[in-house]
1. Non-local amide H neighbours of GLY153 (under 5 Å, H modeled in plane, Pro and chain starts lacking H): which ones?
2. Where in the stretch 286-378 are there GluC sites (Glu not before Pro) that are in a DSSP coil and have at most 11 other Cβ atoms within 10 angstrom of their Cβ?
3. What is the set of long-range amide H partners of GLY248 at a cut-off below 5 Å, with H atoms built 1.01 Å from backbone N?
4. Kindly put LYS69, LYS330, LYS411 in sequence by how many other C-beta atoms sit within 10 Å of each C-beta, fewest to most.
5. Hey, got the Cα dimensions of the stretch 169-278 along the principal axes, in Å, largest first?
6. Which order do LYS202, LYS58 fall in if you start with the one that has the fewest other Cβ atoms within 10 Å?
7. Please list 3J(HN,Hα) in residue order for the stretch 411-421, calculated via the Karplus relation 6.51 cos²θ - 1.76 cosθ + 1.60 where θ = phi - 60°; whole Hz, with x for glycine and proline.
8. For the stretch 348-363, what does the Karplus curve 6.51 cos²θ - 1.76 cosθ + 1.60, with θ = phi - 60°, yield as ³J(HN,Hα) per residue in whole Hz, taken in order and with x for Gly and Pro?
Amino acid sequence: MNDRYDVIVIGAGPAGYVAAIRAAQLGLAVACVDDWVDPRGESALGGTCLNAGCIPSKVLLEASEIYDKARQGFADYGVSVSGVGLDLAAMMARKDRVVSELTRGIAGLFEANGVRRITGRGWLLSGCRVEVTPAQSRQTVVLEAGHVILATGSVPVQLDAAPLHANLIVDSTGALAFDTAPKRLGIIGAGVIGLELGAVWKRLGSEVVLLEAQPEFLSMCDRQVAQEALRQYRKQGLDIRLGARVTGCAVEDGRVGIEYQDDAGDHAETVDRLIVAAGRRPNSDGICAPDAEPVIDSGGFIHVDEQCRTSLPGVYAIGDLVRGPMLAHKGSEEGIMVAELIAGHAARVNYDAIPSVIYTRPEIAWAGMTEQALKTVDRPYRSGTFAFAANGRARALGDTGGFIKVLADAKTDRVLGVHMIGPHCSELIASAVLALEFGASSEDLAATMFAHPTLSETLHEAALDVGGRAIHRARKDRAKD
Ligand code: NAD
């Protein structure tokens, strides 16, 4: 094994593996150290996103939605189905197959790009050196690098009030591998993970109770979107209790007793299984020797500048380890930026144009500022909205709940934020991100031609509505003229 590289990346999640590939594309000698081991005991690239997060959860969201729709029937569409059944083992096996195809794909990309894959635990030493402890031995190796990129991701927050317990009290990883749908499922935290996992198991037959400490639902979302989401989730049967802080849990007779408090006092709930989805924290413990520690804040985030430089010369940190939303695509873009900076190029990430998505049904997606944030900073804006109910394609799909909202600067008309709830919003948000990235005005969106009949026309109409001229909306005030 070489012992000197231009770049050593510690961590092969979407931030680290993308940084490694980009650095190699730029002609640098790159090694990537990672210690993820899959349930079969084999090392696997891709980090949490591929192995235990974004990808397996999306496979189960898709599969559970197909099952749920088939179970409810397609009579409205003139299609009759019978004998619909659930083969959870097959569903889980498909999930594992998709994950393993993708993780093996990254291994192939490493090989094709000449990235040296090193399996083991990396530890940053002073002077841009990295000590690696291989998975199967205690024999450590010390590698030297011109630059080190820390990309060790994040881990689920553990709650003292709900310590993990075999298959009964689990974190998000355990919740992707249940062998049966629990009859009654409790979830602590109605954030992104709690809602996505709640959606999966509700569709697969569980009664789902979500206990959320915050009194406000989805506080990071546009208020109007959050209210519509809460209404639709509750209509689907998710039991979402807000202002409910879990204070203790006890396992008894194979079930989980939960104690929680809200404004009305103390309550108890019993469930068959409990998922703790109370947030994630940076995985920054024990990744650096004491004499090679960058500045880390009290929450465990490594302090970095706008271009992800830490306080140590030559050492960068990216992804969930540093400020900003814990999102795979944000980490990947930081990885590309850092690789390009190391290779001597100019590079930046536009932190004002990061898309966020919640992959429930309806899907929720947004980018840019919310209406409440604009009000807080006193920035005058104009708003346009359009409902999917008035969109022909949504009607054809039979999926008409939700709307798109465009927020634009009152003076310049520049698009400041776009918020969506409804069918395929995870895909529709890309046009909004392009608008933000290119500094488009709502007029630019309004003047753009969108194919008919598509869901994307809802974005067009919302942009037209900023100027009060949505076509497929009857305006009562105009009718009187
Ligand atoms: P989160 O912070 O979004 O939600 C956790 C929730 O748990 C919070 O609302 C919090 O108030 C609540 N909570 C904490 N302690 C509690 C207690 N004792 N009782 C009741 N409620 C309690 O975190 P998450 O959903 O775990 O997600 C973690 C990170 O992963 C987020 O940054 C998220 O963006 C990211 N993620 C993104 C996606 C996606 O892009 N679709 C999917 C999964 C995760």
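No value in this document is a laboratory result; all are computed from the given coordinates. These figures come from a predicted structure and were not determined experimentally. Every residue, glycine among them, receives a Cβ derived from its backbone with ideal geometry; neighbour counts consider all protein chains shown.
1. Amide H neighbours of GLY153, under 5 Å, 5+ apart: ASN283, ASP320, LEU321.
2. Qualifying residues, ordered by number: GLU306.
3. Those qualifying (amide H under 5 Å, at least 5 residues apart or on another chain) are GLU259.
4. LYS411, LYS69, LYS330
5. Sorted from largest, the Cα extents of the stretch 169-278 read 42, 32, 22 Å.
6. Ranked by crowding around the Cβ, least crowded first: LYS58, LYS202.
7. Once rounded to whole Hz, the list reads 8, 8, 6, 4, 5, 10, x, 9, 10, 9, 9.
8. 8, 10, 8, 6, 8, 10, 9, x, 10, 9, 10, 8, 8, 10, x, 7
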